[in-house]
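Encoded as C-alpha cells, the structure appears first; notes follow it.
Just so it is clear, none of the values below were taken in a lab; they were calculated from the coordinates. Computed from a predicted model, the values in this text were never measured in an experiment. Note: ideal-geometry Cβ built from the backbone for every residue, glycine included; neighbour counts use all protein chains shown.
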Amino acid sequence: MRIDKDVVPEYPLSWQARALTGLMRGTLKPASTLLMRHPLALVGASRLGELARRVEVPHPAHVSIVPAAFSSCGGEWVRGGQGLDERKVVLYFHGGGYFSCSPRTHRAITWRLSMVARRPVLALDYRQGPVHRLADSLADALDAYDCLLGRGYAPGDVIVAGDSAGGHLALATLLALRDRGRPLPGAAICLSPWADLTDCPRRANRWQDPMLPASRVRWLARRWTSGLDPRDPLVSPVLGDFTGLPPLMIVTGSTEVLRDEARRVAERARLAGVPVRYEEWRRMPHVFPILADVLPEARMAFRHMSRFLGAVAAAGPASMGDSAAA
C-alpha cells in the first residue's frame, strides 16, 4: 500500500447503508436540530452519559476489557483477541462532540482496531463539557501519552487515534507534543475528524449529511471556543502547521458536513511533508466504522486501517518523509 494517497474506495452500496442513512435522516438529524439549541441540552446529555457508564456494553467473548486509571481521568484497556503485541499500543479518543459518549459507547471501534493493529487499545475517558473545557481534555490526552511512555512504550510503538471530537483531540495532541519538543507517536488515524472550530458556516453537504445538522455543529463550536482564540491550532487543528508529524490516515464519508475540514487537514499535512492516506467513502455517514456490527462497508474500513498500519511499519522511521512510502 502507498501511504500518501487519496482514495475513494469502490464498493456496491449495501442495503444496510441505505436503510441506516435513511433512518438517521428521519430521526437523529431532526432530533439534534431540535434539541441542541440550549446549554441545558448539553447538561442533559452529559447526565445521560453518566448513567450509560454504568451499563455494560456487550462485546464478543474473545474481547478483553480491563478498567484503567490515570491522574485526572480513567479509561479502559481493550484487547481484541489473543496473541497481541503487548509492547505496542493504540491510544484512542472517543467522539461525542466533547459532551457525550465514553469508551464504552465506542467499543465497536476499539476492539476491532485492537484486532487489526495487533496491539491493545487504551480508550481514554477524558474530561468533557459542559463541566470541563477543551484544555482539560487535551491535558488528559497528554497525560495518558506520558503515562504510556513512562510504562516503557517506545513513542514509535504508540498509535494515536480518534473519531469526530476524538479526531480533533488526536490532532491537537500531535501538535501539542511537537510544539513541546516531546517524542511523537508512530502514526495517527482520524475518523471523521472535527478539525475546524472557527465560526465558519458549513455549506458543503449541508443537506446531504444524514446525521449532523451543520448549524448545530457551528453552535457547539461556539460553545467550546468561548473565551478562546478559535484560530489557535490547538483549538482548530485544521489551521495548524503539521511539519514533523507522523503519517496520518484520515477516513471520512463523502456526504458529511465535516468532510471538507478533513480534506483540508490532509492538504495542509501534505504541504508540510507529512504522508497522508485520505480515504473518502461514498455515501457513508459520520464515523461510519462504529456501525461495523451492521455495515459491511464499516468492516471493510478496518481492513484498510490494517493495511495502513502495515505500510507504516514497513516504511520505517527513516522513510516517513517519503510521500511514496510503502
Given Cβ charges of +1 for Lys and Arg and -1 for Asp and Glu, the option among Leu148, Val78, Ser32 whose Cα lies farthest towards the positive end of the dipole of the chain is Ser32
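Using C-alpha positions alone, give me the convex hull volume of region 257-309 per residue in cubic angstrom.
Spelled out: Cα convex hull of region 257-309, divided by residues, is 78 Å³.
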If N is the residue count of region 62-195, its Cα Rg over 2.2 N^0.38 Å rounds to 0.94
Env charge @ Ala204, Cβ radius under 10 Å, K,R +1 / D,E -1, value +1
Simple spin-label estimate for Arg87 and Asp143 in nanometres, 7 Å along Cα-Cβ:
3.0 nm
Taking N as the number of residues in region 180-326, the ratio of its alpha carbon radius of gyration to 2.2 N^0.38 Å works out to 1.09
For Tyr145, Tyr278, what ranking results if the residue with the fewest other Cβ atoms within 10 Å of its Cβ goes first?
Tyr278, Tyr145
Give the range of the longest stretch in the chain that excludes all GluC sites (Glu not before Pro) found in loop regions by DSSP and having at most 13 other beta-carbon atoms within 10 Å.
87-326
Given Cβ point charges of +1 (Lys, Arg) and -1 (Asp, Glu) and nothing else, what value in debye, to the nearest 20, does the dipole of region 5-319 about its Cα centre take?
560 debye
Distance between modelled label sites at Arg283 and Arg182, nm, 7 Å Cα→Cβ extension
4.2 nm
What is the fewest-to-most order of Asp125, Asp179 by other Cβ atoms lying within 10 Å of their Cβ?
Asp179, Asp125
Eigenvalues of the alpha-carbon gyration tensor of the chain, times 5 and square-rooted, give semi-axes in Å, largest first, of 26, 22, 22
Can you put Cys147, Cys190, Cys101 in order of Cβ neighbours within 10 angstrom, beginning with the fewest?
Cys147, Cys101, Cys190
